[in-house]
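The values are calculated or read from the model by the stated rules, or taken from the named source; none is laboratory data. What you see is a predicted model, and the numbers here were worked out from it, not measured in a lab. Note that we place each Cβ from the backbone using ideal geometry, even for glycine, and neighbour counts take in every protein chain shown.
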Amino acid sequence: MSQDIQASFAKIFPDGPQIRVDELRSSGPASTTVLYGASGSGKTTVLRCLAGLERPEEGSIRFGEETWFEAHGRIFVSPQRRRIGFVPQDYALFPHLSVAHNIAYGVSRMGRTERETQVGETIRWLGLEGLERRRPDQLSGGQRQRVALARALIRRPQLLLLDEPLSALDGPTRLRLRGDLRELLKQLRIPTVLVTHDRTEALALGDQLIVMDGGRVVQRGSVHEVFSRPTSLAVAGIVAMETVQPGQVLESAEGLVTVQAGRSKLVSLSSHLRPGSEVYICIRAEDVILVKGQSSLSSPRNCLPVVVRSLTTEGPIVRIDLDSSFPLAAILTKQACEELDLKPGDKVMALVKAPQIHLIPR
């Protein structure tokens, strides 16, 4: 039986925004679909519609062979009957209940013996042994997250919905649990829809990405594809493409185009842009290689003389602002930056491969 979501619907708030989703689909039982966008873009409303916590005014929502919502046929299946596991942003644990009783709440209608067995198995599976009698205020952020997941998973859901699952955690805990959550999602083999506005989280946890803006889906595809090749200037901004520079196509031949950016010329892959076309030139900071002196690398087609304008340390990485007759950004590890002995005012070479320059028609 198919385990895919198929949804096209509209949620219309009186005197408020309209959230419209066209052709939302998951891609298999082990896939994680990320709803990505800024706060207020409609991500959580979409998740709540899938869960049955909000009722759309138009369209339909199907999971496999089941119809959960259909406006035309006046079908609306309650959240309980959809067999979903839902973890809200704040985890929504009962403060007066212990860990064991919070988890057991998900199967409160089950017989006592079976319920105790399932609670015990779930506690062991998620590494919560020894915490059974503690209340939520006696747990760390990571422990509370695992309790919320346990309560959702004990019902053996056919679909898991996660709303900003790591946003309530501090930075170091979020970094540590990101990998744990990815491994857990792989083990579960349950289709998952996850809401986030964090780029690193989307890259680490997602298989496919749905970008939302102003209540609409503006791009969808694999996580790598969307972050590397946005289809519009708006999406480039949402996915935080570091360098976006207006340019113009000078020539096109054999699948390569030469574009003018400031006083520089860049070569990119493209088969459909003609000379004279105006474009936005998009370059991810991690795709820019910096070297001092002449490059010994033969593969990058684009070798630009640049001046280091500023360096900003962000944890284990350094963000570098460059001037190459147009603003260019690069990201290096601290170690790489120290080995190059970079400082403001230095003249270096920036190398970018042609496939890593993405062009958006203007």
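For the reader, a short list of remarks on this structure follows.
- For segment 228-271, the candidate set comprises residues that are among the basic types (Lys, Arg) and either in a loop (DSSP other than H, G, I, E, B) or modelled with pLDDT of 95 or more (or both); within that set, the residue that is surrounded by the most Cβ atoms within 10 Å (Cβ to Cβ) is Arg229.
- Residues in segment 202-225 that are free of Cβ contacts under 8 Å to residues at least 60 places away in the same chain and assigned to a helix (DSSP H, G or I) were compared, and the one that is surrounded by the fewest Cβ atoms within 10 Å (Cβ to Cβ) is His224.
- Total residues in segment 1-41, condition closer than 18 Å to Val235 by Cα and in a loop (DSSP other than H, G, I, E, B): 5
- So Ala100, is it closer than 30 Å to Thr113 by Cα, among the small types (Gly, Ala, Ser), at pLDDT below 95 and out of contact with any Ser or Thr (no Cβ under 6 Å at 6 or more places or on another chain): yes
- Among the residues making up segment 332-360, none is at positive phi and surrounded by 17 or more Cβ atoms within 10 Å (Cβ to Cβ).
- Qualifying position, being touching a Lys or Arg at 6+ places or on another chain (Cβ under 9 Å) and surrounded by fewer than 18 Cβ atoms within 10 Å (Cβ to Cβ), among Pro136, Pro95, Pro157: Pro95
- For segment 183-201, filtering for residues that are part of a helix (DSSP H, G or I) and under 18 Å from Ser26 (Cβ atoms) leaves 5.
- Counting only residues that are buried (at least 19 other Cβ atoms within 10 Å of the Cβ) and either aromatic (Phe, Trp, Tyr) or over 14 Å from Thr32 (Cα atoms) (or both), segment 160-185 holds 2 of them.
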